[in-house]
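Have a look at the structure below before the remarks.
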Amino acid sequence: MGTLSYAATISIDGYAAGPDGDFQFGAPSEQVFRFHVERMAAISTEILGRRTYELMHYWEAEPEGEVWGDDEREFARLWQGLDVVAASSSLTSDEVTRENHRLVTQLTLDEIRRITQHASGEVEIFGPTTAAPAIRAGLVRDFRFFIVPVILGGGLRALPEDARLDLRLIESRVFENGFTMLHYQAARVDPAGAE
């Protein structure tokens with residue numbers, strides 16, 4: 001049985017994207033990217049919304065005209081080995097590109113529980129909108145926030161406003177570019193949740 005985690009790159013004021021939807025403020029430095037590569041070893045499954053799923057196609061093969069470094073190649077290798085669940089009512093099965101990817105047209109809490117129960121390692125649910133119901137229901141055990149030293153003043157919140165959780169800090173790290181990683185665990189995880 002796996003555990004459910006949520007990772008987000010956020011501004012100091014708590015936004016995962018700015019008012020215009022831009023999230024480039026969180027582009028990782030080499031050191032931050034290396035940390036992402038290292039933490040991927042514990043992840044067996046990713047749950048993604050449509051937009052993120054489409055963005056992650058980038059890691060399917062080295063793009064023509066680009067040269068990946070060692071970390072990019074390792075990230076791509078790890079990414080390609082993950083079980084991936086694309087949660088979308090607008091994607092079609094033809095757009096799900098790999099054998100270890102599957103489409104879920106309605107991501108219910110029961111489906112998230114099933115995915116987590118059958119996972120061999122950590123299940124990362126990615127994207128504030130996709131993750132919000134699981135966060136509210138208390139299904140997420142681990143929260144990793146990569147805090148960027150910018151204030152956006154509005155946009156897409158990284159956490160749902162009505163979430164109420166008690167968290168404890170279990171790890172922190174400051175990177176050379178000023179990013180800070182805070183890893184929290186929920187004081188109590190409710191695997192049954194409530195739909």
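What is the magnitude of the charge dipole of the stretch 43-138 about its Cα centre, with +1 placed on the Cβ of each Lys and Arg, -1 on the Cβ of each Asp and Glu, and no other charges, expressed in debye to the nearest 20?
Details: 9 positive and 18 negative charges, 132 e Å.
For this selection, approximately 640 debye.
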task: Calculate the length of the line joining the C-alpha centroid of the stretch 105-171 to that of the stretch 32-83, in whole Å.
output: 19
query: Given a Förster radius of 22 Å and the C-beta distance between Glu161 and Thr129 as r, what FRET efficiency does 1/(1 + (r/R0)^6) yield to the nearest 0.05?
result: 0.95
Qualifying chymotrypsin sites (Phe, Trp or Tyr not before Pro) in the stretch 59-119, DSSP loop, other Cβ atoms within 10 Å at most 16: Trp68
- request: Answer rounded, prolate or oblate for the stretch 3-186, using the Cα gyration tensor with square roots of eigenvalues a ≥ b ≥ c: rounded when a/c is under 1.5, else prolate when a/b is larger than b/c, else oblate.
  value: rounded
query: Arg51 versus Arg73, label points 7 Å from Cα toward the beta carbon: distance in nm?
result: 3.3
- request: Within the stretch 95-195, list the trypsin sites (Lys or Arg not before Pro) lying in a DSSP loop whose Cβ has at most 15 other Cβ atoms in a 10 Å radius.
  value: Arg98, Arg164, Arg188
task: Provide the gained length on full extension for the span Thr92 to Val150, in nm with one decimal, where the gain is 0.36 nm per separating residue minus the Cα-Cα distance.
output: 17.2 nm
- request: Name the residue farthest towards the positive end of the dipole of the chain from the options Trp68, Leu182, Ser89, assuming +1 on Cβ of Lys and Arg, -1 on Cβ of Asp and Glu, about the Cα centre.
  value: Leu182
field: Estimated FRET transfer efficiency when R0 is 25 angstrom, pair Ser29-Glu64 (beta carbons, to 0.05)
entry: 0.45
message: As a test of the formula, what do you get for the chain when each DSSP H run with n ≥ 4 contributes -39,500 (n - 2.57) and the sum is divided by the residue count, at 222 nm and rounded to the nearest 500 deg cm²/dmol?
response: -7000 deg cm²/dmol
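No lab work stands behind these numbers, since they all come straight from the coordinates. Computed from a predicted model, the values in this text were never measured in an experiment. Cβ: placed from backbone, ideal geometry, glycine included. Neighbour counts: every protein chain shown.
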